[in-house]
Amino acid sequence: NNLYKDIKYKNTQFGPHKDDFEFIVSDNNLKTFGSQGQQRMAILAIKLAELELIIKYKKRKPILLLDDVFSELDLNKKNNLLKYLDKDLQIIITTTDLNNIDEKILRKSKKYKIEDANYIEEVDIYGKK
């Protein structure tokens, strides 16, 4: 129904990306009173709940894309997130920093280096290509 509006405005006019969520913790809106890390964790909680619902009710395992997910998370939260995601899923995570990520998780992952919008190489952070 919105095709012509979508074409006119060059983006979709309807969908979940247009919804606004408020995260309230102890009667405080995280947008106003929460740290960047708390805001990031709230969004991740919604994404992970959505992932679980899709797996449970649709009986499908979607590809999970997490863009720059580590930027506001402390070391403990980074590793806990990765351990939680250690499932039979295809997950694509973009990051600029692999420092302090649990070695067991890194060994099981494929890592690719992108530079200036070009794929450079598959990277083995343990010295091999």
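The values are calculated or read from the model by the stated rules, or taken from the named source; none is laboratory data. What you are looking at is a predicted structure, and each value in this text was computed from that prediction instead of being measured. Using ideal geometry, Cβ is built from the backbone for each residue, glycine included, and neighbour counts are taken over all protein chains shown. In case anyone asks, the SASA skips ligands and DNA or RNA and just uses the protein heavy atoms, side chains included. Shrake-Rupley method; radii C 1.70, N 1.55, O 1.52, S 1.80 Å.
Quick look at the numbers
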{"quantity": "Selection within region 88-105 - of a type outside the set (Lys, Arg) and farther than 28 Å from Lys59 by Cα", "calculated": "Thr95, Thr96, Asp97, Leu98, Asn99, Asn100, Ile101, Asp102, Glu103"}
{"quantity": "Enumeration of residues in region 55-79 that are among the polar types (S, T, N, Q) and either farther than 21 Å from Gln38 by Cα or open to solvent by less than 80 Å² (accessible area, probe 1.4 Å) (or both)", "calculated": "Ser71, Asn79"}
{"quantity": "Pick from region 1-54, criterion more than 24 Å from the chain's Cα centre (by Cα) and loosely packed, with under 10 Cβ neighbours inside 10 Å, ranking: modelled with the lowest pLDDT", "calculated": "Asn1"}
{"quantity": "Verdict on Ile114 being of a type in the set (Val, Ile, Thr), over 20 Å from Phe23 (Cβ atoms) and surrounded by 13 or more Cβ atoms within 10 Å (Cβ to Cβ)", "calculated": "no"}
{"quantity": "One residue from Lys59, Lys77 being under 28 Å from Phe23 (Cα atoms) and basic (Lys, Arg)", "calculated": "Lys77"}
